[in-house]
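Q: The structure follows.
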């Protein structure tokens with residue numbers, strides 16, 4: 001089981017690189033969302049008998065100044081042999097034009113620091129340059145791609161146009177920050193939540209808002225085996241303002257769910273000065 005990939009499932013929260021600023025497409029709601037995590041299913045091969053935990057996702061910023069994400073993913077994983085506590089803490093910043101993406105991720109196992117990855121990715125005319133500071137200084141040249149907020153904005157834009165299937169690329173700084181992921185996205189018909197929706201209390205005034213059911217499969221762009229098997233899949237309900245909920249994270253041998261239990265909406269940023277539009 002790849003614990004680091006398990007950590008990153010909700011970060012998305014993620015084809016051609018957009019030629020125009022991506023953030024003109026959607027008004028994203030600054031917010032803090034808390035999800036309870038539980039085991040959905042697991043095969044005998046996984047060795048997992050139980051998973052419980054909590055995920056906290058905080059999204060701030062604006063189309064003028066850029067976007068910051070603070071993300072924490074804590075799980076207690078029970079196997080046939082032991083119980084392990086994993087904790088990932090990630091902070092990222094994506095500039096308003098989607099040209100640079102800074103990231104730092106600290107991963108803990110049983111409260112001991114297991115790994116720290118820190119760096120900055122920059123979109124250049126011929127591709128993506130990644131300068132890694134930790135665990136060791138290095139520089140990578142990767143394929144042209146987009147970053148997580150661009151990925152989300154593109155998804156909302158295509159959903160609003162009624163596009164139900166497309167493929168695009170993503171760099172999110174996960175694992176060793178050394179690869180671009182190919183994502184295959186399926187978008188269902190926009191619908192309204194049922195009154196008995198268990199996440200309605202957490203959504204509060206947003207409970208009546210429409211959402212799209214979305215399924216994203218993530219493929220390793222460096223895998224040339226031809227097997228075309230995704231590293232993992234995530235399905236969720238996506239609101240027009242970028243809030244996601246009712247998560248199902250599928251790693252093949254096991255899957256887990258993330259149910260929204262608390263949602264705080266932050267004040268929206270003021271409009272950009274005319275000089276920055």
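The values are calculated or read from the model by the stated rules, or taken from the named source; none is laboratory data. The model shown is predicted, which means the values in this text are computed figures rather than measured ones. So basically every Cβ, Gly included, is an ideal-geometry build from the backbone, and we count neighbours across all protein chains shown.
Q: State yes or no: is residue 105 touching a helix residue (DSSP H, G or I) at 6+ places or on another chain (Cβ under 7 Å) and buried (at least 20 other Cβ atoms within 10 Å of the Cβ)?
A: On the way: touching a helix residue (DSSP H, G or I) at 6+ places or on another chain (Cβ under 7 Å): no; buried (at least 20 other Cβ atoms within 10 Å of the Cβ): yes.
No.
Q: Looking only at residues in the range 205-225 that are assigned to a strand (DSSP E or B) and out of contact with any helix residue (DSSP H, G or I) (no Cβ under 9 Å at 6 or more places or on another chain), which one is modelled with the lowest pLDDT? Can you show your working first?
A: Here is the first cut: in the range 205-225, the residues assigned to a strand (DSSP E or B) are 210-220.
Now drop any that are not out of contact with any helix residue (DSSP H, G or I) (no Cβ under 9 Å at 6 or more places or on another chain), which leaves 210-211, 213, 215, 217, 219-220.
Details: 210: 94, 211: 97, 213: 97, 215: 97, 217: 95, 219: 91, 220: 85.
Here the answer is 220.
Q: Also, I was wondering about something else. If I ask for residues that are under 17 Å from residue 213 (Cβ atoms) and not in a helix (DSSP H, G or I), which ones from the range 144-163 would you list?
A: Result: 161, 162, 163.
A quick yes/no check of all residues on (1) under 19 Å from residue 147 (Cα atoms); (2) modelled with pLDDT under 95; (3) surrounded by 15 or more Cβ atoms within 10 Å (Cβ to Cβ):
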site	(1), (2), (3)
18	yes, yes, yes
28	yes, yes, yes
43	no, yes, no
55	no, no, yes
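Q: Cβ-Cβ distance below 6 Å, separation of 6 or more or different chains: which pairs start in the range 40-55 with a residue that is more than 9 Å from residue 256 (Cβ to Cβ) and end on one that is assigned to a helix (DSSP H, G or I)?
A: What qualifies is 55/10.
Q: Among the residues of the range 178-192, how many are touching a strand residue (DSSP E or B) at 6+ places or on another chain (Cβ under 7 Å), in a loop (DSSP other than H, G, I, E, B) and either crowded, with 17+ Cβ neighbours inside 10 Å or modelled with pLDDT of 95 or more (or both)? Lay out the reasoning, then the answer.
A: Here is the first cut: in the range 178-192, the ones touching a strand residue (DSSP E or B) at 6+ places or on another chain (Cβ under 7 Å) are 178-188, 190-192.
This time we only want the ones that are in a loop (DSSP other than H, G, I, E, B), so: 178-180, 188, 190.
From what's left, either crowded, with 17+ Cβ neighbours inside 10 Å or modelled with pLDDT of 95 or more (or both): 179-180, 188, 190.
Summing the residues that are touching a strand residue (DSSP E or B) at 6+ places or on another chain (Cβ under 7 Å), in a loop (DSSP other than H, G, I, E, B) and either crowded, with 17+ Cβ neighbours inside 10 Å or modelled with pLDDT of 95 or more (or both) in the range 178-192 gives 4.
Q: Just give me the residues in the range 256-277 being outside any loop (DSSP other than H, G, I, E, B) and modelled with pLDDT under 95, in sequence order.
A: Answer for the range 256-277, where residues must be outside any loop (DSSP other than H, G, I, E, B) and modelled with pLDDT under 95: 274, 275, 276.
Q: Does residue 58 satisfy the criteria of being farther than 23 Å from residue 250 by Cα and either under 21 Å from the mean Cα position of the chain (by Cα) or assigned to a loop (DSSP other than H, G, I, E, B) (or both)?
A: It is false that residue 58 is farther than 23 Å from residue 250 by Cα and either under 21 Å from the mean Cα position of the chain (by Cα) or assigned to a loop (DSSP other than H, G, I, E, B) (or both).
Q: Consider residue 247 carefully, then state whether it is modelled with pLDDT of 95 or more, surrounded by 15 or more Cβ atoms within 10 Å (Cβ to Cβ), touching a helix residue (DSSP H, G or I) at 6+ places or on another chain (Cβ under 9 Å) and over 22 Å from residue 173 (Cα atoms).
A: Values: modelled with pLDDT of 95 or more: yes; surrounded by 15 or more Cβ atoms within 10 Å (Cβ to Cβ): yes; touching a helix residue (DSSP H, G or I) at 6+ places or on another chain (Cβ under 9 Å): yes; over 22 Å from residue 173 (Cα atoms): no.
When the stated conditions are applied, residue 247 does not pass them.
Q: Given (1) in contact with a strand residue (DSSP E or B) (Cβ under 7 Å, 6 or more places away or on another chain); (2) modelled with pLDDT under 95, where does residue 103 come up short, assuming only one miss?
A: Only one criterion is unmet by residue 103, namely (2).
Q: Let me confirm something: among 228, 175, which residue is assigned to a loop (DSSP other than H, G, I, E, B), at positive phi, surrounded by 15 or more Cβ atoms within 10 Å (Cβ to Cβ) and modelled with pLDDT under 95?
A: 175
Q: Let me ask something else about it. Run down 136, 199 and say which single residue is over 20 Å from the mean Cα position of the chain (by Cα) and either exposed (fewer than 14 other Cβ atoms within 10 Å of the Cβ) or modelled with pLDDT of 95 or more (or both).
A: Values: 199 fails: over 20 Å from the mean Cα position of the chain (by Cα).
That would be 136, the only listed residue that is over 20 Å from the mean Cα position of the chain (by Cα) and either exposed (fewer than 14 other Cβ atoms within 10 Å of the Cβ) or modelled with pLDDT of 95 or more (or both).
Q: Something else: Pick from 155, 170, 128: which is touching a helix residue (DSSP H, G or I) at 6+ places or on another chain (Cβ under 6 Å), surrounded by 20 or more Cβ atoms within 10 Å (Cβ to Cβ) and at negative phi?
A: Selected residue: 170, the only one of 155, 170, 128 that is touching a helix residue (DSSP H, G or I) at 6+ places or on another chain (Cβ under 6 Å), surrounded by 20 or more Cβ atoms within 10 Å (Cβ to Cβ) and at negative phi.
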